[in-house]
1. Hey, how many Å between the Cα centroid of the range 68-147 and the Cα centroid of the range 1-67?
2. Note the per residue figure in Å³ for the convex hull of the C-alpha positions in the chain.
3. Local charge sum around G211 (other residues, Cβ-Cβ under 12 Å, Lys/Arg +1, Asp/Glu -1)?
4. Compute a Gaussian network model of the chain, connecting alpha carbons closer than 10 Å, and tell me which residue from T206, T66, T87 fluctuates the most.
5. Could you work out the Rg to Rh ratio of the range 74-156, with Rh taken as the Kirkwood radius (inverse of the mean 1/r over all Cα pairs)?
6. Residue by residue through the range 216-225, which ³J(HN,Hα) values in whole Hz follow from phi under the Karplus form 6.51 cos²θ - 1.76 cosθ + 1.60 (θ = phi - 60°), with glycine and proline marked x?
7. Just the number, please: percent antiparallel of the DSSP beta bridges in the range 3-220, rounded to the nearest 5.
8. What is the sum of charges around N145, taking Lys and Arg as +1, Asp and Glu as -1, for the other residues whose C-beta is under 13 Å from the C-beta of N145?
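Each reported figure results from applying straightforward, stated rules to the coordinates on display, with no laboratory input. Note that the coordinates shown come from a computational prediction; the quantities given were computed from them, not determined experimentally. A quick note on method: Cβ atoms are made from the backbone with ideal geometry, for glycine too, and the neighbour counts reach across all protein chains shown.
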Amino acid sequence: MTQEQWTAVDRYFADLLVPPDPALDAALQHSAEAGLPLIHVSPIQGKLLMLLAMIQRARTILEIGTLGGYSTIWLAKALPRDGHLITLEADPKHAEVARTNLARAGLNGRAEVRIGKALDTLPQLASEGRGPFDLIFIDADKPNNPHYFAWALKLAHRGSLIIVDNVVRDGGVLDTSGADPGVEGVRRLNDLIAADPRVSATAIQTVGSKGYDGFALIVVTGELTP
Ligand code: SAH
Ligand code: DHB
Ligand code: MG
């Protein structure tokens with residue numbers, strides 16, 4: 001199998017199952033025009049996020065790593081009218097593009113972009129008493145994944161779903177050399193998940209327009225005591 005085939009199959013399923021959506025399409029176009037990196041989830045992955053949030057009946061969602069808000073819009077589409085999403089973004093330019101994209105999608109009542117390094121804004125959320133969140137999507141700087149997982153557990157409840165993007169990285173996850181800080185972040189995250197009796201988790205390898213990567217899916221099955 002080649003990247004060309006993976007991309008063609010992605011397009012086949014997207015054409016069949018992901019009808020054009022003016023807000024999502026505009027978000028991608030505006031993000032590209034603003035020069036943001038093209039590292040958002042693919043359309044069929046975005047729809048997977050929306051379906052998982054629907055299955056979860058999520059009313060509160062936390063996202064770490066907004067970029068232009070493409071995954072944010074997919075997740076927010078699953079929320080009921082009185083639901084709420086908070087997304088954390090370190091880069092003010094990315095956050096600005098995301099706010100515009102969310103406003104165009106009619107979602108700025110339900111989705112809030114917080115600017116700052118997530119390791120600064122996560123403690124702020126906790127001290128404001130925000131959460132618990134029904135679904136948490138971790139997709140920011142990979143070396144901090146172990147910290148983001150610890151914060152996710154602090155801001156979760158029994159039954160919360162935590163999703164982590166980019167846990168395979170072309171198979172780089174098997175590299176034990178420690179040479180790549182992103183891979184190290186993913187491996188340390190995986191060790192934390194494996195050792196935590198309060199969660200039940202799996203990983204799904206993916207191929208598609210974004211190459212070879214994967215998601216970790218983690219359900220909080222045990223009691224979280226403060
Ligand atoms: N979830 C998005 C993609 C996110 S890309 C989507 O699929 O559409 C990762 C984002 O994390 C980038 O916008 C980057 O600026 C942001 N980021 C990097 N380090 C961060 C940090 N320390 N805190 C918050 N956001 C960070
Ligand atoms: C990168 C980050 C992502 O979140 C992603 O899905 C793909 C690539 C990156 O930083 O290269
Ligand atoms: Mg990602």
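1. Cα centroid to Cα centroid, the span is 16 Å.
2. It is 125 Å³ per residue.
3. Values: positive: R169, K210; negative: E4, D10, D170, D213.
Net charge in that neighbourhood comes out at -2.
4. Highest fluctuation of the listed residues: T206.
5. With Rh from the inverse mean 1/r over Cα pairs, Rg/Rh is 0.94.
6. 9, 10, 10, 10, 7, 9, x, 6, 9, 9
7. The antiparallel proportion sits near 45 percent.
8. Net local charge, N145 excluded: -2.
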